[in-house]
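I have placed the structure first, in the form of structure tokens, so that the comments after it can refer back to it.
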Amino acid sequence: MPSRTDLANAIRALSMDAVQQANSGHPGAPMGMADMAEVLWNDFRVHNPANPHWINRDRFVLSNGHASMLQYSLLHLTGYDLGIDELKNFRQLHSKTAGHPEYRETPGVETTTGPLGQGLANAVGMAIAERTLGAQFNRAGHNIIDHQTYVMLGDGCLMEGISHEACSLAGTLKLGKLIAMYDDNGISIDGEVEGWFTDDTPKRFESYGWHVIPGVDGHEPDAITAAITAAKKSDQPTLICCKTTIGFGSPNKGGKESSHGAPLGADEIELARKQLGWNHAAFDVPADIYAAWNAKDKGAAAEEKWNAQFEAYQAAHPELAAELSRRVAGELPADWQAKSQAFIDATVAAGENIATRKASLNALNGYGPMLPELLGGSADLAGSNLTIWSDSKGIETDPAGNYIYYGVREFAMAAITNGIALHGGFKPYAATFLMFSEYARNALRMAALMQIQGIYVFTHDSIGLGEDGPTHQPVEQTATLRMMPNMSTWRPCDSVETAVAWKEAVELTDRPVSLILTRQGLKPQQRSAAQIGDISKGGYVLHDPSGDVQAILIATGSEVALAIDAAEKLAKDGIAARVVSMPSTDRFDSQTAAYKESVLPSAITARVAVEAGVTSGWYKYVGLNGAVLGLDRFGASAPADELFKLFGFTVENLVDVVKGIVASA
């Protein structure tokens, strides 16, 4: 029977060999964390390699994603669909073993990690989702949702500011099923961290309200076992501080930065094999070690036991069971299409002159009762973002609630939103001012990279913010969100477009959505039923002149009304101008060539785009001979009306711009 040391050494050997073969990677952390991982995965983690998506599995996140060979070794050894050839192809094109773990690409990887600290925040989101889903569905004698969230992390994760944001909130929420294992090896790429990282980490986490277990020998299985056992009994999130040696087993590079981010080298690997007592060739794992690691039978038994529990739950609570199954499958309610369309029709009939942030609140109130899976909140700006809808209940007081008071934590909010989406059972949303999307930017990018759902309500979308000035007035943010692959961005012009944008965001499950919303009121636009149907195409003809079209105005958000007024003035001056509302450029770009040609006929080259933001992205639609009325500078502190006049967003100026383009066409 292999010893625990043998089992951990299998991780070390595979990690050394894969990094060496790739001539790229990070062998030190996997070698140092191998004992922690062996205990966790063999003695505690409940999972089924044959079904990586089983809803009640324990979640596992590797926050220090550069240690990816640790996770790949674990997945391979325990029986996931990750063969030895994939480990041999570590970091190679089209392999399932990318340089950092990637969600969707590798079976068993719960989230894409690499940017340090975000995996930790994702784990907080998963723990929130587990507790909330359990509170919503568990009943006496039927704990259907009941699992742990484990996260491994390193010094770098704790140096990143997001760790403070996320862990502070986790402590406040008392997420007792969140267990973090800290690989305290004292080394980062630049060397010994004591020169730049001297925090008293245990005291820091104690101050957050965490249960802290300090001073654990990360190479002593009994100590690790005792720590995890104690952590599982706590009603607080737990940080287990494991003191380890990076590159454990390497005689010349162990404990040094030289083992952190580069292959050990063939000679050093041979020495490490001798020191570890691992007398096997590269990528050779003995059958008895494979057998000891294999979790297929244990995992199948765990899921079968749960399936029996679910059958009993189904018999006792059939409606709840059906609803849970629907939500876990990511399916919308059967009456969603009819009811959501009815809300849009009611919005059309109301014809309100309101800010699109208020229209967004109306949408939450309209769609929320149809969607118990909505779970979200705001980063301390709920009164401005208008995200607290009529049935909102804070999870800090009601574990079965649906609203999260994130506090001033934009980055953690976005990364936690990712974790909630990855867990399953919810459609998460989050809100802040558009300007502060900058704080959340890397987590937004990770959502787009993973192609997961997340609805981001970004209000106060332009210089229309007014007196708070240029520090709070977005200029380039909408454009940069549009540039992000897999991010769907909507800037609606009134309540109807906002209702449609929200509906699209709810239905779009393979990417995040950014809703860019105004502070100032916007008058409702008149549309036919056909035009309302075309809003979901991202761009459509909102206004056509009576004669042959001579010019096209393209606008979004608050500038659509400006374009309509300018078109009416141009008509009086003998120029027939079409107005195209384009709330979502990415959705418009995905339409057929024939549809795009019908909206923007190539024969009409006199085109002007107008948006209170940077101009560069609009030349894609107006051409090099067209014009863009935008803002390629920062704003100023003044009332919104004065700013729009100052920067030329007036009917008179837009008319002059159009006339100039028509004259030169």
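For residues that are in contact (Cβ under 8 Å) with a residue 24 or more places away in the chain and either open to solvent by less than 40 Å² (accessible area, probe 1.4 Å) or assigned to a helix (DSSP H, G or I) (or both), tally how many sit in the stretch 326-355. Residues flagged as in contact (Cβ under 8 Å) with a residue 24 or more places away in the chain and either open to solvent by less than 40 Å² (accessible area, probe 1.4 Å) or assigned to a helix (DSSP H, G or I) (or both) within the stretch 326-355 amount to 14. Given the condition of a type outside the set (A, V, I, L, M), surrounded by 12 or more Cβ atoms within 10 Å (Cβ to Cβ), in contact with an Asp or Glu (Cβ under 7 Å, 6 or more places away or on another chain) and free of Cβ contacts under 8 Å to residues at least 24 places away in the same chain, answer yes or no: does some residue in the stretch 252-274 qualify? Yes: the stretch 252-274 contains one or more residues that are of a type outside the set (A, V, I, L, M), surrounded by 12 or more Cβ atoms within 10 Å (Cβ to Cβ), in contact with an Asp or Glu (Cβ under 7 Å, 6 or more places away or on another chain) and free of Cβ contacts under 8 Å to residues at least 24 places away in the same chain. On the stretch given as the stretch 91-109, residues that are out of contact with any Asp or Glu (no Cβ under 9 Å at 6 or more places or on another chain), open to solvent by 60 Å² or more (accessible area, probe 1.4 Å) and of a type outside the set (A, V, I, L, M) total 7.
Taken together, A440, A359 contain a single residue that is aliphatic (A, V, I, L, M) and over 22 Å from F343 (Cα atoms), which is A440.
Does D17 count as crowded, with 22+ Cβ neighbours inside 10 Å and in contact (Cβ under 8 Å) with a residue 40 or more places away in the chain? Here the answer is yes, as D17 does meet what is asked. Taking the stretch 110-136 as the range and being open to solvent by 10 Å² or more (accessible area, probe 1.4 Å) and among the aliphatic types (A, V, I, L, M) as the test, the residues that pass are L116, A135. On the given criteria, is I55 open to solvent by 30 Å² or more (accessible area, probe 1.4 Å), of a type in the set (V, I, T), out of contact with any strand residue (DSSP E or B) (no Cβ under 7 Å at 6 or more places or on another chain) and in contact (Cβ under 8 Å) with a residue 40 or more places away in the chain? It is false that I55 is open to solvent by 30 Å² or more (accessible area, probe 1.4 Å), of a type in the set (V, I, T), out of contact with any strand residue (DSSP E or B) (no Cβ under 7 Å at 6 or more places or on another chain) and in contact (Cβ under 8 Å) with a residue 40 or more places away in the chain. Scanning the stretch 391-443 for residues that are open to solvent by 10 Å² or more (accessible area, probe 1.4 Å) and of a type in the set (A, V, I, L, M, F, W, C) turns up A400, V408, F411, A421, L422, F426, F433, M435, F436. Applying the set (1) in contact with a His (Cβ under 8 Å, 6 or more places away or on another chain); (2) closer than 15 Å to N442 by Cβ; (3) outside any loop (DSSP other than H, G, I, E, B) to H100 leaves exactly one unmet item: (3). Per the listing S598, S602, the residue uniquely out of contact with any helix residue (DSSP H, G or I) (no Cβ under 7 Å at 6 or more places or on another chain), open to solvent by 20 Å² or more (accessible area, probe 1.4 Å) and either assigned to a loop (DSSP other than H, G, I, E, B) or of a type in the set (V, I, T) (or both) is S602. Candidates are the residues of the stretch 173-211 that are open to solvent by 40 Å² or more (accessible area, probe 1.4 Å) and assigned to a helix (DSSP H, G or I); the one that is nearest to G28 (Cα to Cα) is E194. Once the stretch 212-248 is narrowed to residues that are farther than 24 Å from I11 by Cα and open to solvent by 50 Å² or more (accessible area, probe 1.4 Å), the residue that is nearest to the chain's Cα centre (by Cα) is Q236. Output the qualifying pairs, or none if there are none: Cβ atoms under 6 angstrom, residues six or more apart or on different chains, first residue in the stretch 366-377 and without any contact (Cβ under 8 Å) to a residue 60 or more places away in the chain and of a type in the set (K, R), second residue assigned to a strand (DSSP E or B) and surrounded by fewer than 21 Cβ atoms within 10 Å (Cβ to Cβ). That search, which allows pairs on different chains as well, returns nothing. Residue count for the stretch 509-550, restricted to those that are within 23 Å of the chain's Cα centre (by Cα), part of a loop (DSSP other than H, G, I, E, B) and surrounded by 16 or more Cβ atoms within 10 Å (Cβ to Cβ): 3.
Of all residues in the stretch 309-325, those that are in contact (Cβ under 8 Å) with a residue 40 or more places away in the chain have Cβ atoms under 6 Å from Cβ atoms of residues that are loosely packed, with under 13 Cβ neighbours inside 10 Å, 6 or more apart or on another chain, in H317/R139.
The values are calculated or read from the model by the stated rules, or taken from the named source; none is laboratory data. Nothing here was measured: the structure is a model prediction, and the numbers come from that model. A quick note on method: Cβ atoms are made from the backbone with ideal geometry, for glycine too, and the neighbour counts reach across all protein chains shown. When the accessible area is computed, the model is the full protein with side chains, heavy atoms only, and any ligands, DNA or RNA have been set aside. Shrake-Rupley method; radii C 1.70, N 1.55, O 1.52, S 1.80 Å.
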